[in-house]
Amino acid sequence: MLQPYASKAEKLARFGLVSICVLVLLFLMIPVLVIIPLSFNSSSFLTYPMDGFSLRWYNELMTSAEWRQAFKNSFIIAPVATALAMILGTLASVGLCRGNFRFKGLVMAFLIAPMIVPLVIVAVGLYFFFAKLQLLNSYIGLVVAHAILGMPFVVITVNATLQGFNTNLSRAAASLGAPPLTVFFKVVLPLIAPGVISGGLFAFATSFDEVVVTLFLASPSQRTLPLHMFSGIRENISPNIAAVATIMIVLSVLMLLTLEVLRRRNKKLKIKQQ
């Protein structure tokens, strides 16, 4: 924020910086927001100007068996994979932060590798590995694969939360006779919950939006929503795609708002711990 005594040059520089930021934001957002009006177009083509306002494409999503199956698959796989990623990621983060052992950095690098390695390589590796375990074309294989992709986000967010954790609180609980599990569930977990939930939201977004790994592992009856959208775009661009994209944009906005609420709560918890 500029000071009241700022010079004209400083005010001009500030105005130029704000203008550039607004233009960049518009450049990034307009291609996304332009989809929303098209999802309410009564025409069968994704073109402007619109012929009229209609909810026919949302109605088709609800009445189409293929789209309903895709929604069902996504809302089965993503929540279960997120829960698994949150459990494993939280336990791994606590172990890394509390433990002091050799090759700690190597273990951390291994845990976040699915975030760094190209998805095609991960997909091919999972394909051959799951083929030996006979987990191809199964919900269990998809859930495990999506959990592997989402776990690095949980590890990073929980690890960042634990860096500012006041260990005296857990020591005080242990000194009063609380067993380790009680200390974790009653003291540690409530304080790191914002980091766990934030990582879970990122894991959910990763699973819900995943295409490449699902393309390798899923059967035709297990098509998720993004995979069905991808197939639809290859065959025929329909306004149904715009309707689904609008729903996913709304979900993304809700997740971002939730992350902001959790960020503020985490900030308040850090202030209280100090």
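If you go through segment 35-85 and pick out every residue that is of a type in the set (A, V, I, L, M) and in a loop (DSSP other than H, G, I, E, B), you end up with 3. Among the residues of segment 137-150, not a single one is more than 16 Å from Leu217 (Cβ to Cβ) and under 14 Å from the mean Cα position of the chain (by Cα). With respect to the stated conditions, Val211 is surrounded by 14 or more Cβ atoms within 10 Å (Cβ to Cβ) and either under 19 Å from Ala147 (Cβ atoms) or not assigned by TED's automatic domain parsing to the domain that holds Thr246 (or both).
Can Arg14 be described as assigned to a helix (DSSP H, G or I), surrounded by 11 or more Cβ atoms within 10 Å (Cβ to Cβ), in contact with a helix residue (DSSP H, G or I) (Cβ under 9 Å, 6 or more places away or on another chain) and of a type in the set (Lys, Arg)? Judged against the criteria, Arg14 is not a match. The single condition among (1) modelled with pLDDT of 90 or more; (2) more than 12 Å from the chain's Cα centre (by Cα) that Val154 does not meet is (2).
Within segment 79-103, the set of residues being loosely packed, with under 14 Cβ neighbours inside 10 Å and at pLDDT 95 or above is empty. None of Val187, Val211 is free of Cβ contacts under 8 Å to residues at least 24 places away in the same chain, within 25 Å of Val253 (Cα to Cα) and not aromatic (Phe, Trp, Tyr) except Val211. Under the condition of being farther than 17 Å from Leu55 by Cα and not in a helix (DSSP H, G or I), which residue from segment 234-274 is modelled with the highest pLDDT? By that ranking, first place goes to Ile237.
How many residues does segment 117-146 hold that are without any contact (Cβ under 8 Å) to a residue 12 or more places away in the chain and part of a helix (DSSP H, G or I)? So the count comes out to 8. Please determine, by comparing only the residues of segment 215-266 that are of a type in the set (Ser, Thr, Tyr) and surrounded by fewer than 18 Cβ atoms within 10 Å (Cβ to Cβ), which one is farthest from Ala145 (Cα to Cα). If we take residues in segment 215-266 being of a type in the set (Ser, Thr, Tyr) and surrounded by fewer than 18 Cβ atoms within 10 Å (Cβ to Cβ), then Ser238 is farthest from Ala145 (Cα to Cα).
The values are calculated or read from the model by the stated rules, or taken from the named source; none is laboratory data. Everything numeric here is computed off the predicted structure, so don't read it as measured data. Note: ideal-geometry Cβ built from the backbone for every residue, glycine included; neighbour counts use all protein chains shown.
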